[in-house]
Amino acid sequence: MPEPILQLAGIARDFYDGRNLRRVLEKTDLDIYPGEFTILAGPSGSGKTTLLTIMGLILKPSEGSIAIRGRAITKMSESALASLRLHNYGFVFQLAELLPALSVMENIIVASGIQGRRVPAALRRRAEELLDGFGLADCINLRPLQLSGGQKQRVAIARALVNEPAVLLCDEPTSALDSESSAIVLDVLKKLSRDTNRAMIMVTHDPRVFPFADRLIKIENGAIVSDTRTIGQPLPGETH
Amino acid sequence: MRSIVALKILLYDKATTAGSLIGVIAIVFLVGQQLAVLFGLFTYMSVLVDHSGADIWICSKNTLNINATDTLPERYADRISGLPFIAWAEPVLFGNATFITRDGKAESLQVVGLQPSSRALWPWRFHEGSVEDMLEDEGLTLERLDLGVYGDPKIGDVFEVNDVRMRISAITQSIKGFSGRMAFTNVVKARKILKTTPGRCKAVVVKLKPGVPLEEAIAGIQAVLPDTEVMSSAQLSARTRIYYVKNTGMGGSFGFSTMIGALVGIIIITLTMYTGVLQRQKDFAVLRALGARKSDIFVIVLCQSLIIALVGIFIGFLLLGSFLNGTVDTNLPVYMPRRIAPMLALGTLLLCMLGSLLAVRKAISVEPASVFR
Ligand SMILES: Nc1ncnc2c1ncn2[C@@H]1O[C@H](COP(=O)(O)OP(=O)(O)OP(=O)(O)O)[C@@H](O)[C@H]1O
Ligand SMILES: [Mg+2]
């Protein structure tokens, strides 16, 4: 019976919009399990990104508590949270958001050296393998500006995976791509979803991904309205 | 990796980097050139003292300025010659006179009188002629860099200096004065030109025996000659410079232009580095999301401002160096004391750091959540 990798308890988030404090995310309890591929769906403005960035330790919740592998992180400092992100998370954004000043290889390994530590050679090798697997072996030394949108997004996925994160968070990773590129990127993501250790949470509207999801969470007006597991996929820990 | 990221971003954003570099170069060059001119003028002010070859100067009481001192009895030199720590003491003669050019224009001269037995105040560099030519009966030196203002006279030309007939017999090189243009002649003619009462001199200069402490010697001489001002050459030199800085308003003027140079530089640095960070806001947000701490972003921007400072200081000093080289032996008063250069470099580095403050503040305040918007 696997332990949840990520636990949200009573999480809510308020934002000031001009004058009023508005609750954008209602009190939410949510457990995320290793190996689970979760899709987060809902209308625009419903709070998907808000929930995702709270799970990613990027946005602070207004209330509630978060635990990673059972360890509460709510009171941690900003730098401690940054280190947790570095070692446990991979992020894929809507746009690739590669650093244009760095080469493809540097973009992939930049995070592991960003706190001042040496980048191990093994990490470079892993980056090469990932790029190879994504059909980008020839792009290692190119600059992001020389890549197509789909190539950039695959580099961004390699960047998210190179640290072998326990949690991979993707916010509409294909919505900015043309249909051809998004098909290629989706293919990569679908393969990743089969990984049995990594929790993967993706905000997406793309119906092509849905069949691969283990779990579908629907969110409306800041509240989870349904949380279903695909047939044959019992809730981890649930006894039948 | 942080320094590599810093460097790569600088290389990528070439325009803003070039802008920041120009700010640093502006500080080094503008401030450095102002300082060089100021120190150049300083060397003019105290040229006679600095090149005297003497350790101690004895002047009239309350002398604030080598170029404005009253006369003393020559026998003061004999009175102290017997002191055990003195190698030699001798009266010197110099003062202001008026040189009349061929077209009747008056130019102020600082005339120094010497005789073959003199041990101090000799001209130290000749362009044409020699000490012997200078000591001739009516002989007078002029400075090559000043020849233009005298109407380009030649060796052998005859002129009047304070109604005394003098002949140009030698030309010095780069011996520039401040209150008057330097001219050397023999002591007999100097006395006639300066109308100094017989038996009186302008100052007594002293050379100490090796190893004698300066302070003790000054006190010893002062005790023998209580109604004089006894100073080391360095003291008189500094006193003269301070006098001019205070009394000509040049202190304020140089201070102002130096400040403008520094200010222009720091504003350029601030604006361009801030622009640089604004351009890279998204990159910093991405790095923060991926695990960079605020301190890591701080290090990146700090590295950038260090790189810009060091490269800018290097280029700035190259430019300043060629400016200084190009002005050697010209009429521009330019001199950069050795200890000033590292101070200028350090000051520029600090100003560059100061200029990057706003950029640093902006960079570390970037929110990682902004990548998702
Ligand atoms: N930083 C913020 N300040 C103020 N309001 C915010 C902020 N971030 C999000 N919101 C508000 O919170 C609500 C939910 O935003 P969120 O980005 O989570 O929606 P979303 O479901 O991701 O929408 P989309 O599908 O358009 O990306 C929106 O009404 C948005 O205006
Ligand atoms: Mg969103």
Extreme residue, nearest to ligand 1 (Cβ to nearest atom), among residues of segment A:123-156 that are buried (at least 20 other Cβ atoms within 10 Å of the Cβ) and within 13 Å of chain B (Cβ to nearest Cβ):
A:Ala156
Mind listing just one residue for me: the one in segment A:22-36 that is more than 10 Å from ligand 1 (Cβ to nearest atom) and over 19 Å from the mean Cα position of the chain (by Cα) and, of those, least open to solvent (accessible area, probe 1.4 Å)?
A:Glu26
Just one of the numbered conditions (1) facing chain B (nearest Cβ under 9 Å); (2) within 30 Å of B:Leu11 (Cα to Cα); (3) more than 16 Å from ligand 2 (Cβ to nearest atom); (4) not small (Gly, Ala, Ser) is not true of A:Leu84; which one?
(2)
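Could you tell me whether any residue of segment B:155-163 is open to solvent by 50 Å² or more (accessible area, probe 1.4 Å), on the phi > 0 side of the Ramachandran plot and not hydroxyl-bearing (Ser, Thr, Tyr)? Working first, answer last.
Narrowing segment B:155-163 to residues open to solvent by 50 Å² or more (accessible area, probe 1.4 Å): B:155, B:158, B:160, B:163.
The next check asks that each one be on the phi > 0 side of the Ramachandran plot; those that pass are B:163.
Retained after the next criterion (residues that are not hydroxyl-bearing (Ser, Thr, Tyr)): B:163.
There is at least one residue in segment B:155-163 that is open to solvent by 50 Å² or more (accessible area, probe 1.4 Å), on the phi > 0 side of the Ramachandran plot and not hydroxyl-bearing (Ser, Thr, Tyr).
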Would a scan of segment A:89-101 turn up a residue that is of a type in the set (Ser, Thr, Tyr), in contact (Cβ under 8 Å) with a residue 60 or more places away in the chain and more than 7 Å from every other protein chain (Cβ to nearest Cβ)?
yes
Which of the following residues is away from ligand 1 (no atom under 16 Å from the Cβ), closer than 23 Å to B:Arg373 by Cα, of a type in the set (A, V, I, L, M, F, W, C) and touching a Pro at 6+ places or on another chain (Cβ under 8 Å): A:Leu81, A:Leu99?
A:Leu99
Residues that are in contact (Cβ under 8 Å) with a residue 60 or more places away in the chain, over 15 Å from A:Arg215 (Cβ atoms) and within 16 Å of ligand 1 (Cβ to nearest atom), drawn from segment A:157-204
A:Asp171, A:Glu172, A:Pro173, A:Ser175, A:Ala176
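Looking at A:Ile66, A:Ile58, A:Ile39, A:Ile54, can you tell me which residue is more than 9 Å from ligand 1 (Cβ to nearest atom), of a type outside the set (D, E, K, R), touching a residue at least 24 places away in the same chain (Cβ under 8 Å) and assigned to a helix (DSSP H, G or I)? Break it down into steps so the answer makes sense when it comes.
On the way: A:Ile66 fails: assigned to a helix (DSSP H, G or I); A:Ile58 fails: assigned to a helix (DSSP H, G or I); A:Ile39 fails: assigned to a helix (DSSP H, G or I).
Within the list A:Ile66, A:Ile58, A:Ile39, A:Ile54, the selection yields A:Ile54.
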Residue check for B:Leu21: closer than 30 Å to B:Thr348 by Cβ and touching a Gly at 6+ places or on another chain (Cβ under 7 Å):
yes
How many residues does segment A:34-45 hold that are away from chain B (no Cβ under 14 Å) and within 9 Å of ligand 2 (Cβ to nearest atom)?
0
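Here is a yes/no grid of residues against (1) away from ligand 2 (no atom under 16 Å from the Cβ); (2) more than 24 Å from A:Gly47 (Cβ to Cβ); (3) not polar (S, T, N, Q):
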| residue | (1), (2), (3) |
| --- | --- |
| A:Ser181 | yes, yes, no |
| A:Asp187 | yes, yes, yes |
| A:Arg194 | yes, yes, yes |
| A:Met200 | yes, no, yes |
| A:Asp214 | yes, no, yes |
| A:Ile217 | no, no, yes |
| A:Glu220 | no, no, yes |
| A:Ser226 | yes, no, no |
Of all residues in segment A:174-205, which are closer than 18 Å to A:Glu36 by Cα and outside any helix (DSSP H, G or I)?
A:Arg194, A:Asp195, A:Thr196, A:Asn197, A:Arg198, A:Ala199, A:Met200, A:Ile201, A:Met202, A:Val203, A:Thr204
Please go through segment B:226-253 and give me each residue that is part of a helix (DSSP H, G or I), modelled with pLDDT under 90 and open to solvent by 30 Å² or more (accessible area, probe 1.4 Å), ordered by number.
B:Val245, B:Lys246, B:Asn247, B:Thr248, B:Gly252, B:Ser253
Kindly list the number of the only condition in (1) crowded, with 19+ Cβ neighbours inside 10 Å; (2) free of Cβ contacts under 8 Å to residues at least 12 places away in the same chain that fails for B:Ala223.
(1)
Can you find, within segment A:173-191, the residue that is farthest from the chain's Cα centre (by Cα) among those that are crowded, with 20+ Cβ neighbours inside 10 Å and closer than 25 Å to A:Pro4 by Cβ?
A:Leu189
Of the residues in segment B:354-373 that are more than 13 Å from chain A (Cβ to nearest Cβ), buried (at least 24 other Cβ atoms within 10 Å of the Cβ) and in contact with a Phe, Trp or Tyr (Cβ under 6 Å, 6 or more places away or on another chain), the one that is nearest to B:Gly291 (Cα to Cα) is B:Ala363
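The values are calculated or read from the model by the stated rules, or taken from the named source; none is laboratory data. Treat the numbers as computed from the prediction; the structure is a model and nothing was measured. Every residue, glycine among them, receives a Cβ derived from its backbone with ideal geometry; neighbour counts consider all protein chains shown. Note: accessible area is taken over every heavy atom of the protein model, side chains too, but ligands, DNA and RNA are not part of it. Shrake-Rupley method; radii C 1.70, N 1.55, O 1.52, S 1.80 Å.
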